[in-house]
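The structure appears right after this line, and notes come after that.
FYI, it's all coordinate maths here, none of it is from the lab. Bear in mind the structure is a predicted one, so any value in this text is a computation, not a measurement. Glycine gets a Cβ as well: all are built from the backbone with ideal geometry, and neighbour counts include every protein chain shown.
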Amino acid sequence: MNKRKICVVTGTRAEYGLLYWLMKEIEEDDELDLQLIVTGMHLCEEFGNTYQEIEKEFTIDKKVDIGLHDDTSIGICKSMGLAQTRFAQSFDELQPDMIVILGDRFEMFAVASCAMILNLPIAHLHGGELTQGVYDDAIRHSITKMSHLHFTATQEYQKRVIQLGEDPKRVFNVGGLGIDNIKKMHLLSKEEFEESIDFKLNQKNLLVTFHPVTLEKDSSSVQFQELLNALYMLENTHIIFTKANADTDGRIINKMIDTYVMENKKNTVSFASLGQLRYLSSLQFVDAVVGNSSSGLLEAPSFKIVTINIGNRQQGRLKSRSVIDCDPNNKSILTAINSVYTKGTKTKLEEAINLYGCGGASVKIKEEIKSFNLTNILNKSFYNL
């Protein structure tokens, strides 16, 4: 029997963490053949050369370098063009039966465009979501229209994919992939975590993860400086920074982190990539995740900790009661952080649930991509509500 060849593409540390258990499911299934393409930030030294961590777990079939040396708008456009060319060659050599991509990054837009022209079926994960402060929103919905199977994290997102004209028979609500990591991964103890990052936790602890706001011109550095100004005001607080991704102006934020940590060595530490194990382990011990990362909405609520969500980067996403929204200015951020330690917030945390489910998404996705009839899957018609 010929195995169905499933090609998974990953370009960032966060995305790989979400895909990990799905790839394990595919790899261990006798009827499937996992093909893995690694690209984007994974191949960059400044972002931690995270392909090396992937190689410890999986065989990488292709490393596709798309030249992420310039995070200006022009630089990213050039990277997308290079990606289009190199993915075409990779797909031609691998001859997969299906491409699996997650989310909304520009690399995945190039992957989807290429696969569409090559008549390769696309399974898209985490579609239907909204992030109105970044151009990822337009990319995500565009990928939806190029894809053939859809796996969403909530029922509301499932409805939105159908609203975009996709056949309900091809849209599956499976829950958030990040929950599988929380359920299956053996997380570090406090002592093991402190040793792994060579940093002692304090009476109060925060995890800061802030990414560029790509639809607000020249605002990322301004907003991040407001966050740093708020952090300067804190007492008895240790801060763990995870650096920004390769979006427009991400390097500016990372330089600002380096400067802040150099000036505050006693109570701060930073990492290009914590990796899934250390990142999720940290959520057991910090009081809040501060910034604008989707992980604060998708995974942090499972740990009954606060998420301080700054600005509008995640505007439109479903939010647990554990999420506190604030404006991107010093006063609003500081007020939100101080509220973490109030009785009212602690009561909210006790009642909070993760809106993205209880786990099991990886198994559900694997079963569908294994059994779905691929005959005529490329034929799509617009589904009218």
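Worth pointing out:
- The charge dipole of segment 187-351, taken about its Cα centre with unit charges on the Cβ atoms of Lys, Arg (+1), Asp and Glu (-1) only, comes to about 280 debye.
- DSSP assigns beta bridges within segment 187-351; of those with both partners inside it, close to 0 percent run antiparallel.
- Within the chain, percent of DSSP bridges classed antiparallel, to nearest 5: 0
- Rounded to the nearest 20 debye, dipole of the chain from Cβ charges on Lys, Arg, Asp, Glu: 860
- Helix 250-263 vs. the chain, principal-axis angle (Cα, 0 to 90°, nearest 10): 30
- Relative to the longest principal axis of the Cα atoms of the chain, helix 220-232 runs at roughly 40 degrees.
- Taking amide H as placed 1.01 Å from N in the peptide plane, Val306 has its amide H under 5 Å from the amide H of Val289, each at least 5 places away in sequence or on another chain.
- For segment 217-324, the list of GluC sites (Glu not before Pro) that fall in a loop by DSSP and count at most 11 other C-beta atoms within 10 angstrom reads Glu235.
- Most mobile of Tyr16, Tyr51, Tyr232 in a GNM of the chain (Cα contacts under 10 Å): Tyr232
- The Cβ shell under 14 Å around Leu22 holds other residues with a net charge of -3, Lys and Arg each +1, Asp and Glu each -1.
- In the chain, a dipole from Cβ-located charges (positive for Lys and Arg, negative for Asp and Glu) runs towards its positive end, and of Pro96, Ser189, His150 it is His150 whose Cα lies farthest in that direction.
- Taking the longest Cα principal axis of the chain as reference, the axis of helix 73-94 is set at about 40 degrees.
- Size descriptor, Kirkwood hydrodynamic radius, that averages inverse alpha-carbon separations across segment 187-351, Å: 15.8
- If you take all other residues with their beta carbon under 12 Å from the beta carbon of Asp97, and give Lys and Arg +1 and Asp and Glu -1, the sum is +2.
- Whole-number D in µm² s⁻¹ for the chain, Kirkwood Cα-pair radius fed into Stokes-Einstein, 25 °C, 0.890 mPa s: 115
- Among the trypsin sites (Lys or Arg not before Pro) within segment 325-385, those in coil by DSSP and having at most 15 neighbouring Cβ atoms inside 10 Å are Lys380.
- For segment 39-47, 3J(HN,Hα) per residue [Karplus equation, 6.51 cos²θ - 1.76 cosθ + 1.60, θ = phi - 60°, Hz, x = Gly/Pro]: 8, x, 5, 4, 9, 9, 4, 5, 9
- Only one residue of Pro212, Leu36, Ala272 has its Cα farthest out toward the positive end of the dipole of the chain, where Lys and Arg carry +1 and Asp and Glu -1 on Cβ, and that residue is Pro212.
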